[in-house]
1. Taking the conditions exactly as written (buried (at least 21 other Cβ atoms within 10 Å of the Cβ) and away from every other protein chain (no Cβ under 14 Å)), does residue B:351 satisfy them or not?
2. Starting from residues that are touching a strand residue (DSSP E or B) at 6+ places or on another chain (Cβ under 9 Å) and part of a loop (DSSP other than H, G, I, E, B), keep the ones in region B:241-258 and report whichever is farthest from the other protein chains (Cβ to nearest Cβ).
3. If only one of A:344, A:322 is farther than 25 Å from residue A:194 by Cα, in contact with a helix residue (DSSP H, G or I) (Cβ under 6 Å, 6 or more places away or on another chain), modelled with pLDDT of 95 or more and crowded, with 21+ Cβ neighbours inside 10 Å, which one is it?
4. Anything in region B:259-300 that is assigned to a loop (DSSP other than H, G, I, E, B) and within 30 Å of residue B:145 (Cα to Cα)? List them, or say none.
5. Considering each of A:164, A:151, A:81, A:160 in turn, give the residue that is in a helix (DSSP H, G or I), within 14 Å of chain B (Cβ to nearest Cβ) and within 24 Å of residue A:255 (Cα to Cα).
6. Would it be correct to say that residue A:369 is more than 14 Å from chain B (Cβ to nearest Cβ) and in contact (Cβ under 8 Å) with a residue 40 or more places away in the chain?
7. Could you list, in sequence order, all residues of region A:184-201 that are buried (at least 24 other Cβ atoms within 10 Å of the Cβ) and assigned to a loop (DSSP other than H, G, I, E, B)?
8. Determine if region A:219-239 includes at least one residue that is surrounded by fewer than 20 Cβ atoms within 10 Å (Cβ to Cβ) and within 21 Å of the chain's Cα centre (by Cα).
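The values are calculated or read from the model by the stated rules, or taken from the named source; none is laboratory data. Owing to the predicted nature of the structure, the values given are computational and were not obtained by experimental measurement. All Cβ positions, even for glycine, are placed from backbone atoms using ideal geometry, and neighbour counts span all protein chains on display.
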């Protein structure tokens, strides 16, 4: 039988389980007698153009195991904007290296790349398959993306812990900034920190709703009078009523933008306007890099979609992404249907209205019910006498 | 035999193991036939004045166990500034409740309270003993305080994880803000993130050295040219050459002060002056509340000093704090000498010069050697091919 090589490429920002999908890809590919070398593109799409490939089929079991607990991406990534010419060039490179199976692991932008690479390879026997990944959970057509459950677990745990700290010495308003610029899925998951529906977070503000400064200050003041310590979770991407970010971008260079810190801005606002001590908490990149908060379920699902992508490519599937769909029934179970890549390309899945309360300062019970299974292992149970 | 009651009081901000010391106090006191009720003052020193006591001798084993993994303080705390009159009032309250043993768990400010309470009780048979605690590690006369090892473990882990994230997609300068306003112990511990002395953090700036903006920008630019991604860890309390905080206080009310975010300020500076994308990371309260980063050694030592404080009070010791001293020898071992409270009252232990490199942008090998045993369990071992 003719053997061919496989290429795995990472695109965009990492998640806590991106390397777990890589683990899934490598272990599945190693078990196939139709795959020879398992190339990793070092440094994302740019790595393909540089022909910077590393054969990972030679990895030991022990090194493979480390992938499951390594944050970031062990093979690098990139945010390089590819040109038409680049796509054609890639097709030639695949030929040169006897690469028949190409897997791209990434978010919306990467799925767009996936479609364009497949298009550039349409006259050749090359199978391009997408593996989903994003902490933001904004990939369309799937229930949730690998990476989200760990980010959700992180924010829920951090909020519960900061809540315990603030309860111990209730002297300030804490503004925690969560990842997710356009979609509020991570911010919303902070609600899972509550025990029997009580405690931190006391307020949640999502990017899907226009942020009303006055309503925010009213909410904070009322809760501060009542509790002394208040924990607020906000999305890094809060926008005003005309859709402008409440903190303007402070760095902009092509697609690379960096906004000021919403948490710092809002803590300052509470201090100036209400005269109440307030502080900002911005876990930032820890929200996707914390290994202690990696969700076991997320890791398993990330491995699974990696494996399924290899199987799909071997089965001659092309221009598809491995999806995650919840199977019906009481118990949480998933299926991994293949989704035509054009259905996911560049479409952004936001938090639907039904998951946000009328005042726009909390999530609904329906959101919590749907999100809870993703955390699976319960959060630690704290004890208090005060 | 006459039985008396014991009172435990928490002061100041929490640590990851403050409740572990409480566990030590309760379990030791339960084992003594000379102690009847184990009162906790709910809400720190203010709780004493309000006579807000809760008897914890009735706790079940299961509830006691939860204390070991609960952040904050399960009995509350306070930062109330006590008056002369308050101290006299306290002495009467102790009499009223048959309290003979009084334990204060806290940092420098609380040890000062300890001394003054003992003074107010000098004509009565009351034994006041201090238990040390601080994430900042700034208590004089001891090797390190319970709470520090967990805060050190947290910053080292977060820095290693953020380092892996930045290495995966090296497009920015990350400024991580560490706790410790006047003492750089926590900031310094980020150096433990390095593997074989390499990788993040690439730069460390401590509050003991005047912060030189120009030297900082030079360092960042040079490393950015070389690496693409740069991870910098800074103390929240960086000061300029005349001792003023580089970010002015934005809230001030009596002893309660809140400064702006140094990480936000420095990220903005890098963007404006160097035109390089930079972002801030401020784990904030997670640095002392993260249970996943609680150090096992720290937990054990926190339990130990709690137990020793009960033993000291029962032995008739007064106006002493339980210390931690490293015993000599190759292996890490500690002793817990009793230290006269006046030796620790309000004195702040800063990072000595020998632990800071000449340029003031890193720690020395000597610091790393001394700090490493406190983390005990090794940090996770990440794998990279890029």
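1. Taking the combined requirement at face value, the residue satisfies it.
2. B:246
3. Residue meeting the stated conditions: A:322.
4. Selection gives B:260, B:261, B:283, B:284, B:285, B:290, B:291, B:292, B:293, B:294, B:295.
5. When all the criteria are applied, what remains is A:151.
6. Against the criterion (more than 14 Å from chain B (Cβ to nearest Cβ) and in contact (Cβ under 8 Å) with a residue 40 or more places away in the chain), residue A:369 does not qualify.
7. Within region A:184-201, A:184, A:200, A:201 meet the criteria.
8. Yes, some residue in region A:219-239 is surrounded by fewer than 20 Cβ atoms within 10 Å (Cβ to Cβ) and within 21 Å of the chain's Cα centre (by Cα).
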